Amino acid sequence: MQGVALLSGLAAVVGSPWWGPRALSQLDFFHVRRVEMEGVRYARTGELLALLDVDTLQSVWQPLAPLALRLEGHPLVLTALVERRLPGTLHVRLTEREPVALVERKGQPLTPADARGHLLPIDPVRTPMDVPIASAPDSALLHLLGGLRASAPSIYRRVARAAAVGTTEFRLQLDSVTVRTPRNVTVARVRDILPVEADLARNRLRVVELDLRFRDQVIARQP
């Protein structure tokens, strides 16, 4: 009965609007003893813990939103959510920025970039990644690659190189086939190549280029 009474009292304090967490934060029982990280792949845990800046003298009842904002200041973190796991654990759920291409830049090593055009501080030598090479940090091109990765992964996995040509065209190198598109191409439009490729394969026809620049058409060019 005494244990039940203690739990009931704790629940009442936790459920209070403002003075409950403040009162609980003074108890050593609720000091932070453990930080759990979920969703970490590319970021370094040590860097994230340094940004979090939490030690064993602090309570799990401190405001959590500022902790999440600190983590979202890391260039590899897209979103962060910090939760309490009583009595002494902070659980962090991260969504990292995902690289969709290695970007070529004049005089610079290949640099990972995400679908929003952010260059990411990931060393591709230490962290190998199966992504295509993009000719430049072109935000529209990277957005297209991100869309393919999310909605047409079978096509994305075939892309070896992606390039912006002039101001009006993209070129995607898929295996031995070059796909030419306008800059405003959608993922749905790129998927139009699939039935065309299937038909060409049935007829044992080899092509070197598929052109999507003409409205509602896929023009196949043979060697």
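Tabulated data for the structure shown
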quantity: 3J(HN,Hα) from dihedral phi, the stretch 139-153, Karplus parametrisation 6.51/-1.76/1.60, rounded to Hz, x for glycine, proline; calculated: 4, 5, 5, 5, 4, 4, 4, x, x, 5, 4, 7, 10, 9, x
quantity: Rg to Rh, two decimals, where the stretch 161-223 supplies the alpha carbon set and Rh follows Kirkwood; calculated: 0.95
quantity: Percent of Cα-Cα distances greater than 22 Å, calculated over the chain; calculated: 63 percent
quantity: Inter-probe distance in nm under a simple model that places probes 7 Å from Cα toward Cβ, at ARG206 and LYS106; calculated: 3.8 nm
quantity: Mean separation of Cα contacts under 8 Å (6+ apart) over length of the chain, as relative contact order %; calculated: 11 percent
quantity: Long-range HN-HN contacts of ARG161 with modeled amide H, under 5 Å; calculated: ILE133, GLN173
quantity: Loop-resident sites, the stretch 116-223, for chymotrypsin sites (Phe, Trp or Tyr not before Pro), counting at most 11 other Cβ within 10 Å (DSSP); calculated: PHE214
quantity: Cα-Cα separations in the stretch 95-188 greater than 24 Å, expressed as whole percent; calculated: 13 percent
quantity: Nitroxide proxy distance, nm - points 7 Å out along Cα→Cβ at ARG33 and ARG191; calculated: 5.1 nm
quantity: Trypsin sites (Lys or Arg not before Pro) within the stretch 88-139: DSSP coil, no more than 16 neighbouring Cβ in 10 Å; calculated: LYS106, ARG116, ARG126
quantity: Residues whose placed amide H lies under 5 Å from that of VAL100, excluding near-sequence neighbours; calculated: ALA113, ASP114, ALA115
quantity: CD proxy at 222 nm, helix term only [per DSSP H run n ≥ 4: -39500 (n - 2.57); per residue of the chain; nearest 500]; calculated: -8000 deg cm²/dmol
quantity: Relative counts (whole %) of C-alpha pair distances in the stretch 72-122, using bins that are 5 Å wide; calculated: 5, 19, 20, 17, 12, 9, 7, 6, 3, 2, 0
quantity: Estimated FRET transfer efficiency when R0 is 30 angstrom, pair ASN184-VAL125 (beta carbons, to 0.05); calculated: 0.30
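Any read-out appearing in this document is the output of simple, stated calculations on the displayed coordinates, not a laboratory observation. Predicted model only: the values in this text are computed from it and were never measured. Cβ coordinates were reconstructed from backbone atoms using ideal geometry, including for glycine residues, and neighbour counts include every protein chain displayed.
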